[in-house]
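Structure first, commentary second.
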Amino acid sequence: MSETPIKCNVSPAPELCTGCGLCADLCPTQAIKITWSNEGFLIPTINREQCINCGKCLNKCIALEQTTKKQDGKPMRVCAGWSKDSDSLKASSSGGIFAALAKMILKQGGCVFGVAWKDTLNAHFIKAENEQELLPLLGSKYVQAHTQGIYKSVKRELESGRAVLFSGTPCQVHALRTFLTKEYANLFTVDIVCHGVPSHLLIEKYYEYCNKGESTLVNIHFRSKTRGWQSFHVQRTYENGKKSLHPIYEDPYMRMFLSDRILNKSCYKCQYLSHPREGDITLGDFWGVEKYHSDWPIENGISAILANSPKGISLLDMLSMSMNLYDEPYEHLIPHQGGFQRHLELPKDRSNILKRLQQEALEKTIVYTCDWVKIGPFMKINRQWRIYKWLRQLKRWLKK
Ligand SMILES: Cc1cc2nc3c(=O)[nH]c(=O)nc-3n(C[C@H](O)[C@H](O)[C@H](O)COP(=O)(O)OP(=O)(O)OC[C@H]3O[C@@H](n4cnc5c(N)ncnc54)[C@H](O)[C@@H]3O)c2cc1C
Ligand code: SF4
Ligand code: SF4
Ligand code: SF4
């Protein structure tokens with residue numbers, strides 16, 4: 001059996017592949033599997049013996065599309081908001097808007113598609129039919145999620161006439177729309193603000209790092225609000241029931257992820273940042289909102305909610321019962337929200353870091369990657385040095 005990554009000689013698709021999995025769902029002979037590349041990103045692999053050369057995979061590939069999208073639009077409505085349901089607010093990363101939208105669709109007899117952990121290392125799309133099944137979908141899993149089979153499954157539900165809510169990264173929402181080829185009145189889509197997905201090597205190494213103690217890591221909650229939304233912590237849960245909380249600047253996973261050095265290559269050229277965005281609704285964190293509303297319950301999480309279509313506007317109208325929802329100027333969002341507009345530069349040391357991750361312990365790669373801080377045009381200082389700690393203390397003291 002011969003299996004090779006899809007090669008395309010008319011366009012740089014491998015460089016731009018988002019790992020959306022659309023080609024696998026389109027393939028009529030199931031010749032395409034989505035697997036991890038050596039660098040830790042989802043890529044299609046084709047079984048040549050099963051391929052009948054129909055061309056569907058390349059014709060529809062979202063990375064090969066000629067984009068004619070306008071780059072300067074604005075959302076139709078921008079709101080800040082948070083859920084009135086304190087349990088879902090606590091379990092969600094931001095203001096719990098996804099949970100509120102999902103419950104609304106479930107109440108109408110519809111179903112919800114989103115991302116849940118499959119095991120400690122892998123996240124994948126699943127369908128929720130009720131509020132119990134919705135719980136694993138809440139909260140951000142900062143990994144690249146597997147989509148295989150999901151676009152077909154969404155289509156089946158739509159064709160049966162049920163209301164469907166689909167939530168994912170903008171490239172996944174775009175892949176779904178491409179798969180469907182026509183508009184469905186019963187489809188509602190949410191895209192999350194997304195600055196990129198990190199290599200899977202990171203979570204593999206993190207797993208090793210966390211498992212050095214007496215018990216095995218069984219769950220990671222990347223956005224625990226135990227100490228508040230703004231100073232969110234990573235919560236690790238172990239098989240023996242023990243839990244530990246880690247500030248993001250001390251947690252090696254979040255430090256590496258937020259350094260933006262080992263994201264998927266396509267994320268540095270993301271085609272889905274501009275308006276109109278892919279989802280009827282876009283959800284993100286409303287960082288910086290306390291500057292305008294110091295009396296809001298900021299510590300529980302505030303979402304930025306963008307309506308991008310008439311459907312999005314009507315969803316927002318319906319949400320006003322279960323949410324605290326306030327219109328906000330778009331300009332309040334932008335200064336603190338790079339994920340909406342900014343293209344990240346491909347880091348020069350990206351492949352080197354990925355190689356290091358394959359070969360050494362995460363602690364070592366972190367020291368190399370994240371511990372050196374520029375303090376002048378020609379000077380770098382290491383975070384582990386005592387002088388750096390003194391300088392930070394001095395800065396804090398001067399601020400007071
Ligand atoms: C990889 C990634 C990068 C992000 N980057 C930013 C950013 O730069 N700025 C920002 O403001 N917000 C970012 N977010 C979004 C943010 O973390 C919240 O998910 C969003 O604000 C929705 O919050 P919520 O409280 O409404 O719902 P939550 O319950 O927190 O969100 C759950 C929803 O997120 C989806 N989801 C979770 N993990 C994944 C995943 N791996 N892939 C696809 N969908 C997933 C689920 O399907 C579900 O619909 C990012 C999320 C992810 C997954
Ligand atoms: S050309 Fe057709 S059969 Fe071959 S892998 Fe692509 S979609 Fe599948
Ligand atoms: S359809 Fe998606 S997964 Fe397949 S090659 Fe194109 S971008 Fe990659
Ligand atoms: S940054 Fe763009 S390409 Fe990368 S996962 Fe997010 S939406 Fe997809």
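The values are calculated or read from the model by the stated rules, or taken from the named source; none is laboratory data. Only a predicted model underlies this, so the values are computations on that prediction, with no experimental measurement involved. Here the Cβ positions follow ideal geometry from the backbone for every residue, glycine too, while neighbour counts run over all protein chains shown.
Are any of the residues in region 314-334 within 24 Å of S37 (Cβ to Cβ), away from ligand 1 (no atom under 16 Å from the Cβ) and of a type in the set (A, V, I, L, M)? The answer is no, given that none of the residues of region 314-334 is within 24 Å of S37 (Cβ to Cβ), away from ligand 1 (no atom under 16 Å from the Cβ) and of a type in the set (A, V, I, L, M).
Set side by side, the residues K74, K84 differ, and just one is of a type in the set (K, R), under 30 Å from K265 (Cα atoms) and more than 16 Å from ligand 2 (Cβ to nearest atom), which is K74.
Candidates in region 344-366 are the residues that are crowded, with 16+ Cβ neighbours inside 10 Å and assigned to a helix (DSSP H, G or I); of these, the one that is modelled with the lowest pLDDT is I366.
Does K182 meet the test of being more than 22 Å from S88 (Cβ to Cβ) and either aromatic (F, W, Y) or more than 13 Å from ligand 1 (Cβ to nearest atom) (or both)? Explain how you work it out, then say what you get.
Values: more than 22 Å from S88 (Cβ to Cβ): yes; either aromatic (F, W, Y) or more than 13 Å from ligand 1 (Cβ to nearest atom) (or both): yes.
Criteria met by K182.
Quick one: in region 19-46, of everything that is more than 25 Å from K355 (Cβ to Cβ) and in a loop (DSSP other than H, G, I, E, B), which residue is nearest to ligand 4 (Cβ to nearest atom)? It comes out as C20. Give the residues of region 168-183 that are in contact with a helix residue (DSSP H, G or I) (Cβ under 7 Å, 6 or more places away or on another chain) and more than 13 Å from ligand 4 (Cβ to nearest atom), sorted by residue number. If the condition is that a residue be in contact with a helix residue (DSSP H, G or I) (Cβ under 7 Å, 6 or more places away or on another chain) and more than 13 Å from ligand 4 (Cβ to nearest atom), then T178, F179, L180 are the ones that fit. Might you let me know whether region 211-228 holds any residue that is hydroxyl-bearing (S, T, Y) and closer than 30 Å to E65 by Cα? There is no residue in region 211-228 that is hydroxyl-bearing (S, T, Y) and closer than 30 Å to E65 by Cα.
Scanning region 100-138 for residues that are of a type in the set (G, A, S), over 18 Å from V173 (Cα atoms) and either touching a helix residue (DSSP H, G or I) at 6+ places or on another chain (Cβ under 7 Å) or not assigned by TED's automatic domain parsing to the domain that holds R162 (or both) yields a single hit, A100.
Can E157 be described as modelled with pLDDT under 95, out of contact with any helix residue (DSSP H, G or I) (no Cβ under 9 Å at 6 or more places or on another chain) and away from ligand 2 (no atom under 16 Å from the Cβ)? Lay out the reasoning, then the answer.
Numbers: modelled with pLDDT under 95: no; out of contact with any helix residue (DSSP H, G or I) (no Cβ under 9 Å at 6 or more places or on another chain): yes; away from ligand 2 (no atom under 16 Å from the Cβ): yes.
Against the criterion (modelled with pLDDT under 95, out of contact with any helix residue (DSSP H, G or I) (no Cβ under 9 Å at 6 or more places or on another chain) and away from ligand 2 (no atom under 16 Å from the Cβ)), E157 does not qualify.
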